[in-house]
Amino acid sequence: MRYNTAMNESTYKQRRDRLQVMMRDGVAVIGNARLQTRSNDTEYPYRPNSDFYYLTGFEEDNAILLLSKREGVFKTVLFVQKKVPEMELWTGERLGVEAAKRRFDVDEVFSSDAYREQLSTLLAEHTLVYFDLFSSDAVYTTLKEVTQEMLHTRAITISPRTFSDITKLTQEMRLIKSEAEVALIREALAITQKAHHHAMKVCEEGMLEYALQAEYEYVFKKEGAYSDAYTTIIAGGNNANTLHYIKNDQRLKEGDLVLVDAGAEYGYYASDITRTYPVNGTFSPAQKELYEIVLDVQLKIIAAIKPNGSKKALQALSERLLTEGMVKLGILEGSVKSLMDEKAHKQYYPHGIGHWMGIDVHDPCPYSDDNGEELLFAKGMVLTIEPGIYLPEDDDNVPEKYRGIGIRIEDDILVTTDGCENLSEGIAKSVAEVERMCQGYGH
Ligand code: GLY
Ligand code: MN
Ligand code: MN
């Protein structure tokens, strides 16, 4: 296992039990991710499917979980790759069926080769199948083929006729984080903090954006995070105005800011932090004016987070405050109300104020209930807060001194009993802190 976490098999068993309680009578099929080809016969580093990992803590390719429920009886079956020493010589040791039986508190463990046969046996007792849209194609194709065969066999009277998305249930489960999950996010953030502080110090004029990216990845890995939580954005100067800029192949210029959106993944939990800092270590007056506006809005939004609060309210507040700030700096002209009615601010603040974060950086948990009503904040939810202002260099409507500047400031927030905790509080953020760090002081 890559990570030593406080979570053990009883945690995963409890999650499976909870899911089975939420399910109607039926079978759920959840496959782990497969290795993805990069080119010819080389592969990308492996990352488990988030739901599969959430329910098993198992990191091996080609594993499948079947959960069934029938008249109050739950059954859990796990399929793992069988041991094949000649293969393991090349690709590494596998847990194998016998050790999996000892490790997992499930009813049965089979080799992955037995998936098709076991699935058809189990499906003969059920009309409802839940599947995971993010399972590998192979898992899904076998499910489809087995179902088709059953439908073609007249002697079979019970066969799957209703298909349902299991992620509807797992995503609900993943919305509230346990203390153990928050501890992993804290660890990811401790590593991310070191990376941002290190990079602020080594960043300099002429550096390639991807070289600065390497400084982040170096600290992530050195500090025990196997991977980043998403592809790092290193956007010098005007590149910051491309929201998901990941080419990272230009040189950093003297006098520019660099927007860096980078977070380590630890124990398969994300962190997601953006800092925008001066390449030469000192904000210009114009950069500082804009930065202070974004920072002030970010601090006010964070201060407003508490149980029963709503993301929509934060979005509206962020749009109003950023519009006020842009009017103050002469970037937008007119009354704040009419600008907002016309959505004029959207041109320079086009994205949302934040998103859920957890095993996935954009944790796909629900934002509204089955009636379309917004879910209100509750203790244990984790979300990002990331206001920004983006002013393209070729926009003649923007005062010249601000053109080509893009600023985003992003932190990760835990909703607590009576408010919230900024889990990334320790990462340099004020103008003075950022300049100090960039100039080589601080740690
Ligand atoms: N890193 C992607 C985001 O901030 O949402
Ligand atoms: Mn981000
Ligand atoms: Mn984010």
Practice prompt. Specify the residue that is farthest from Thr170 (Cα to Cα); the eligible residues are those in the range 17-57 that are surrounded by fewer than 21 Cβ atoms within 10 Å (Cβ to Cβ) and touching a Leu at 6+ places or on another chain (Cβ under 8 Å).
Written response: Glu43
Worksheet item: Can you pull out the residues in the range 279-323 that are part of a loop (DSSP other than H, G, I, E, B) and out of contact with any Gly (no Cβ under 9 Å at 6 or more places or on another chain)?
Response: Thr282, Phe283, Ala304, Asn308, Gly309, Ser310
Practice prompt. Please find, within the range 261-278, the residue that is farthest from Cys438 (Cα to Cα) out of those that are part of a loop (DSSP other than H, G, I, E, B) and within 15 Å of ligand 3 (Cβ to nearest atom).
Written response: Ala270
Practice prompt. Would you mind stating whether Asn239 is under 21 Å from Val202 (Cα atoms), within 16 Å of ligand 2 (Cβ to nearest atom) and part of a helix (DSSP H, G or I)?
Written response: yes
Worksheet item: Does Asp360 satisfy being of a type outside the set (Phe, Trp, Tyr), closer than 21 Å to Asp296 by Cα and within 16 Å of ligand 3 (Cβ to nearest atom)?
Response: no
Fill in: Tabulated pairs, the range 283-311, first within 12 Å of Cys420 (Cα to Cα), second in a helix (DSSP H, G or I), C-beta under 9 angstrom, 6+ apart or interchain
Ile301/Leu314; Ile301/Leu317; Ile301/Ser318; Ile301/Leu321; Ala304/Ala313; Ala304/Leu314; Ala304/Leu317; Ile305/Leu314
Practice prompt. Go through (1) under 19 Å from the mean Cα position of the chain (by Cα); (2) modelled with pLDDT of 90 or more and name the single condition Leu128 misses.
Written response: (1)
Worksheet item: Taking helices (runs of 4 or more DSSP H) that do not extend beyond the range 60-179, which have at least 1 residues that are in contact with an Asp or Glu (Cβ under 6 Å, 6 or more places away or on another chain)?
Response: 167-173
Response to the item:
Apart from one, (1) charged (D, E, K, R); (2) touching a residue at least 60 places away in the same chain (Cβ under 8 Å); (3) more than 19 Å from Leu299 (Cβ to Cβ) all hold for Glu386; the odd one out is (3)
Response to the item:
For the range 225-236, the count of residues that are in a loop (DSSP other than H, G, I, E, B) and crowded, with 16+ Cβ neighbours inside 10 Å equals 5
Fill in: the range 382-416: number of residues that are within 30 Å of Met173 (Cα to Cα), β-branched (Val, Ile, Thr) and within 16 Å of ligand 1 (Cβ to nearest atom)
5
Item to complete: Please indicate, with yes or no, whether at least one residue in the range 366-381 is touching a residue at least 24 places away in the same chain (Cβ under 8 Å), of a type in the set (A, V, I, L, M) and either in contact with a helix residue (DSSP H, G or I) (Cβ under 7 Å, 6 or more places away or on another chain) or within 16 Å of ligand 3 (Cβ to nearest atom) (or both).
Response: yes
Item to complete: Kindly indicate whether Asp296 is more than 19 Å from the chain's Cα centre (by Cα), more than 16 Å from ligand 1 (Cβ to nearest atom) and surrounded by 20 or more Cβ atoms within 10 Å (Cβ to Cβ).
Response: no
Discussion item. Pairs needed: first member in the range 263-277, more than 15 Å from ligand 2 (Cβ to nearest atom); second member anywhere, of a type in the set (Phe, Trp, Tyr) and in a loop (DSSP other than H, G, I, E, B); C-beta distance under 6 Å; at least 6 residues apart or different chains.
Written reply: Gly267/Tyr3
Discussion item. Restricting to the range 215-244, and then to whatever is under 19 Å from Tyr402 (Cβ atoms) and in contact with a strand residue (DSSP E or B) (Cβ under 6 Å, 6 or more places away or on another chain), can you tell me which residue is farthest from ligand 1 (Cβ to nearest atom)?
Written reply: Gly236
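The values are calculated or read from the model by the stated rules, or taken from the named source; none is laboratory data. Being a predicted model, the structure only gives us computed values, none of them experimental. For neighbour counting, all protein chains shown are included, and Cβ atoms are generated from backbone atoms with ideal geometry for every residue, glycine included.
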